[in-house]
Amino acid sequence: MNYKLTKNMKALDIEINIDNKLFLNRWKPDRESHLVVVDHSVCAGKCPGKDCTFFCPARVYEWRDGRIAVGFEGCLECGACRIACPQGNIRWRYPRGGYGVQFRLA
Amino acid sequence: MPDKFDAIVVGAGVAGLAAAYKMAQEGLSVVVIERGDYPGAKNVMGGVLYRAMTEELIPEFWREAPLQRPVVEQRFWLMDSQSAVTTGYKTKEWAMEPYNCFTVFRSQFDQWFARKCTEAGVVIINETLVESCIMENDRVVGVRTGRPEGDLYANVVVLADGVNSMLSRQLGFHKEWEPRQVALAVMEELKLPSEVIEERFNLDPGMGATIEIYGDSTLGLVGTAFIYTNKEHISIGVGTLLSQVRQLKVRPYELLEYLKSHPMVRPLIKKGEPVEYYAHLVPEGGYKAIPKLVGNGVVVVGDAAQLVNGMHREGSNLAMISGRLAAEAIIMAYKIGSFEARDLSPYEENLRNSFVMKDLKKYKNASHLLEVNPQYLNEYIPATNMALHEMLTVDGMSKQEKQKAIIKRALSRKSLFSLGKDVYKAWKAMK
């Protein structure tokens, strides 16, 4: 589809340290990740866009040293990565009961 | 605690709690299973709760429920880079009983609603994830939780497990949502003294306003931004189709930051201290994405059923109605002692006959129209801003000349025919 951003994000020069936002929330991180990259070679070899490193609102996914690093502790549990991973390469479940982010307001 | 109930509700959001409350009032034994520390711990909403649908369950709830502000004004902005065409509606009537809608914090409201359920006899189990439905002879007979020996059984299971609805997908009621069927929304709460909020939004003490923003706030992506007033917080957020966020490699929180820095927005939120940050998916598939709603021993309600009217930012009300209608069907099934799909089907019929489905049907093409016709957001909103700018800037040019210039510019970009076509398409999608 032929749509594009009306402005160049880079030119807007918005620098956000996502940790400053995530730091505001209350967390009960589990020991084990509820987000699993099924096959790391798919990310490395078949996914030039690395879209998850952009659209994830908690910046859980980062491309580091040739592989996707998964910072599941800061996951906001929205489910976007499960639906939008172009390779269907993320095994997604909710954290165990009582774990993960616990919102106070909203 | 018994290990067999009349009904199990998965998810303590407003859909699930509405269903549970109604069933318990009719004497059914009901358990609600919630994965958060408390009801609302995982629930995110822009923040508007509608009075009518809540009142159908709990008369005059506003006297006791933890609400933020009654909404007395709804504003709409068509935003461009430096400007906005604004409209809206404000009335004294919404400032008094019975009110129209309220801003709420879901964690507070849902905990209160859950307490009302408990008083009606509902058992609420927090910190517990339902991993799957237990099937027997092609019917749902219970749920498997993440707890040891955590199987629970019931005559009927109400799936109110939210937009991701892993459970109804497991049952094959719908395929995985496509990225264009959901919006990804991010939001922040900004803390400000209540008098400052009232002054900036021109509000009487305790009253609230909402602003829905279209155009530059999403940088051309299909979606909206919003600003809602709470007692001592402002909710500010932006939601856009996941498909487009992905394709254009936008970081959602950068979009939010852009909104916060916009000259139309900045003065409203100045010195607001961020206190919490959220992300959530919003069902945007509309009428065509509604999954199978009823099976043997199971019904689907709320976001899990894609019941959101994106055009009017209505969701919590549709969730509550679906929960109540599901409960009413279950109560009827309970009386005849059979919970097969055909016994529960009045839920679906009544939902189809209600305004819920009628509204969703009315707008079934609207989201797609915007998606495939970016000109509505990217050309017409700036053009409207420019036209008003020209008409209202006094610079010595006659109004006649100004009008001519505006029309000439519009037609230099688009033929009259394609303008007409766009108007027709928009009318068709909204009629």
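The values are calculated or read from the model by the stated rules, or taken from the named source; none is laboratory data. Here the structure is a predicted model, which is why all the values come from computation and not from measurement. For neighbour counting, all protein chains shown are included, and Cβ atoms are generated from backbone atoms with ideal geometry for every residue, glycine included. SASA here: full protein model, heavy atoms, side chains in, ligands and nucleic acids out. Shrake-Rupley method; radii C 1.70, N 1.55, O 1.52, S 1.80 Å.
A:D65 accessible area, nearest 10 Å², 1.4 Å probe?
Rounded to the nearest 10, that gives 150 Å².
Which of the residues in segment A:3-36 show a loss of at least 40 Å² in accessible area from their chain by itself to the complete set of protein chains, at a probe of 1.4 Å?
Residues losing area: A:Y3, A:L5, A:T6, A:K7, A:M9, A:I14, A:I16, A:K21, A:L24.
Packing-wise, with mean Cβ within 10 Å as the measure, how do B:72-80, B:165-173, B:86-94, B:393-401 rank, highest first?
B:72-80, B:165-173, B:86-94, B:393-401
Counting only protein heavy atoms, probe 1.4 Å: which residues of segment A:69-100 lose 20 Å² or more of accessible surface in the full assembly compared with their chain by itself?
A:L76, A:E77, A:C78, A:A80, A:R82, A:I83, A:A84, A:W92, A:Y94, A:G97, A:G98
Springs between alpha-carbon pairs under 10 angstrom, Gaussian network model over chain B: which of B:I227, B:I197, B:I407 fluctuates most?
Highest fluctuation of the listed residues: B:I407.
Other chains' Cβ within 10 Å of B:97-107 residues: what's the mean?
1
Using a 1.4 angstrom probe and counting only protein chains, how large is the accessible area of A:K4 in Å², to 10?
A:K4 exposes around 140 Å² with every protein chain in place.
Give me a single rounded figure for B:33-39: the average over its residues of other chain Cβ atoms within 10 Å of their Cβ.
5
At a 1.4 Å probe radius, which order do B:T224, B:T118 fall into by accessible area, largest first?
B:T118, B:T224
Under 10 Å, Cα contacts only: if you run a Gaussian network model on chain B, which one of B:Y50, B:Y363, B:Y277 comes out with the highest mean-square fluctuation?
Highest fluctuation of the listed residues: B:Y277.
For segment B:20-94 and segment B:196-262, write down the distance between their C-alpha centroids in whole Å.
The two parts, judged by their Cα centres, are 18 Å apart.
Please tell me the relative contact order of segment B:166-268 in percent, rounded to the nearest whole number, where contacts are Cα pairs under 8 Å and at least six residues apart. Display every interim value, and only then the final one.
On the way: 152 pairs, mean separation 30.9, N = 103.
Rounded, it is 30 percent for segment B:166-268.
Using θ = phi - 60° and the Karplus form 6.51 cos²θ - 1.76 cosθ + 1.60, what ³J(HN,Hα) does each residue of segment A:64-74 get, whole Hz, x for Gly and Pro?
Using θ = phi - 60°, the values come out as 9, 6, x, 8, 7, 8, 10, x, 4, 4, x Hz.
Sort B:239-248, B:129-138, B:39-48 for me by packing, meaning the mean count of neighbouring Cβ atoms within 10 Å per residue, highest on top.
Listed from highest to lowest mean packing, they are B:39-48, B:239-248, B:129-138.
Could you work out, residue by residue across B:241-247, how many beta carbons of other chains sit within 10 Å of that residue's beta carbon, and then give the average as an integer?
The mean count of partner-chain Cβ atoms within 10 Å per residue comes to 6.
Working from Cα positions, state the angle (0 to 90°, nearest 10) between the long axis of helix B:316-336 and the longest principal axis of chain B.
So the helix axis and the longest Cα principal axis differ by about 20 degrees.
For B:K335, which lysines qualify as cross-link partners when the Cα separation must be under 20 Å and same-chain residues fewer than eight apart are set aside?
Answer for B:K335, where 20 Å is the Cα cut-off: B:K4, B:K22, listed by chain and number.
Rounded to the nearest 500, what is chain B's calculated 222 nm mean residue ellipticity when only DSSP H runs of at least 4 contribute -39500 (n - 2.57) each, over all residues?
On the way: 16 runs with 153 residues, N = 431.
Result for chain B: -10500 deg cm²/dmol, rounded to the nearest 500.
Please list, in order along segment B:426-431, the HN-Hα scalar couplings obtained from phi with the Karplus expression 6.51 cos²θ - 1.76 cosθ + 1.60 (θ = phi - 60°), rounded to whole Hz, x for Gly and Pro.
Taking θ as phi minus 60°, the curve returns 5, 4, 5, 6, 9, 5 Hz for segment B:426-431.
Need one number: buried accessible surface between chains B and A, 1.4 Å probe, both sides summed, DNA, RNA and ligands left out, in Å² to 100.
5100
List the residues whose amide H sits under 5 Å from the amide H of B:G215, counting only those 5 or more places along or on another chain, with H placed 1.01 Å from N in the peptide plane.
B:M79
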